[in-house]
Amino acid sequence: RRRAFRRKLPFGRGAVLVVGERAHIVGIADVSVTGAYLTTRAPVSAGETHVLKVLILPARVEVALRVEIVRVSLADHESSDHPRGVAVRFADLDETSRALLAAFVAREPRRR
């Protein structure tokens, strides 16, 4: 089960999942310092390792994170919080990426 605090993100917060030679635009439903849930229909399977490119705000720094696919739910919505998509675990985070990610996860969402 989840061990780290997860930040839910508004619809439309995107990233790029690089699978082989193809880049897939994905939505980020939620993120923590250990992983994320991505809304996508990209052809992936549990156990695979890919690269997720994310723009970390407010630093406006793009980080390329190695991710392991831990769960795939492409046939149906898991819940209202998790539509079709995949759960990923971050692998081999360096200290700089971990610090940027931790600051992003802890940040309060901007009010409109």
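Laboratory data are not the source of any read-out in this text; all were calculated from the coordinates shown. Everything numeric in this text was worked out from a predicted model, so none of it was measured.
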Could you calculate the contour length gain from ALA59 to ARG98, that is, 0.36 nm times the residue separation minus the distance between their Cα atoms, to one decimal place in nm? 12.7 nm
Which far-off residues, 5 or more places away or on another chain, put their amide H under 5 Å from the one on GLY85, with H placed in the peptide plane? THR40, SER73, LEU74
